[in-house]
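The values are calculated or read from the model by the stated rules, or taken from the named source; none is laboratory data. These figures come from a predicted structure and were not determined experimentally. Using ideal geometry, Cβ is built from the backbone for each residue, glycine included, and neighbour counts are taken over all protein chains shown.
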Amino acid sequence: MQDRPLSPHLQVYKPQLTSTLSIMHRATGVFLSLGAVFVVYWIYALSSGAEAFASAQALVSHLLGKLVLLAMVFSLFYHLANGLRHLLWDTGHGLELKSAYQTGWIVVLFSLVATGICAALIFGGGA
């Protein structure tokens with residue numbers, strides 16, 4: 001048996017925007033699924049009384065809790081925008097390489113801007 005990687009192999013390919021966005025779409029979907037567990041915990045704490053809710057709020061109000069919340073917000077915006085991009089592709093539009101890259105960068109930009117606005121609200125003490 002030869003000691004070489006099977007073809008095609010990840011060492012052969014240079015990462016591209018389209019493949020990176022595809023991996024990110026899957027990763028954000030998994031992260032949102034895991035984050036749903038924490039949302040259920042928060043709702044359960046809300047229904048369990050003031051003491052349980054105060055405990056859950058203390059967890060979410062901590063810096064680490066806010067960072068996890070912010071990561072969930074980014075995941076939500078990214079997954080939403082990229083999902084809409086996939087729906088566009090399902091209609092047969094935007095499949096050309098130039099268009100795929102343009103819409104990919106729009107997804108990234110939208111996700112970062114929308115997350116930045118939410119970060120200003122979360123960390124800035126706004127609504």
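Taken over the range 69-93, the criterion of being touching a helix residue (DSSP H, G or I) at 6+ places or on another chain (Cβ under 6 Å) and within 15 Å of Leu21 (Cα to Cα) is satisfied by Phe74, Ser75, Phe77, Tyr78, His79, Ala81, Asn82, Arg85. Residues in the range 1-58 that are of a type in the set (D, E, K, R) and modelled with pLDDT of 90 or more: Arg26, Glu51. When we screen Ala58, Ala119 for residues that are touching a helix residue (DSSP H, G or I) at 6+ places or on another chain (Cβ under 7 Å) and of a type in the set (A, V, I, L, M), the only hit is Ala119. For Gln57, the test of being surrounded by fewer than 17 Cβ atoms within 10 Å (Cβ to Cβ) and closer than 27 Å to Ser19 by Cβ is failed. Can you tell me which residue in the range 30-51 is nearest to Ile106 (Cα to Cα), limited to those that are small (Gly, Ala, Ser) and surrounded by fewer than 15 Cβ atoms within 10 Å (Cβ to Cβ)? Filtering the range 30-51 for residues that are small (Gly, Ala, Ser) and surrounded by fewer than 15 Cβ atoms within 10 Å (Cβ to Cβ), the one nearest to Ile106 (Cα to Cα) comes out as Ser33. Within the range 61-73, identify whether any single residue is modelled with pLDDT of 95 or more and buried (at least 16 other Cβ atoms within 10 Å of the Cβ), and answer yes or no. Yes, some residue in the range 61-73 is modelled with pLDDT of 95 or more and buried (at least 16 other Cβ atoms within 10 Å of the Cβ). The range 26-127 holds helices (runs of 4 or more DSSP H) entirely within its bounds, and those carrying 2 or more residues that are within 12 Å of the chain's Cα centre (by Cα) map to 63-90, 97-123.
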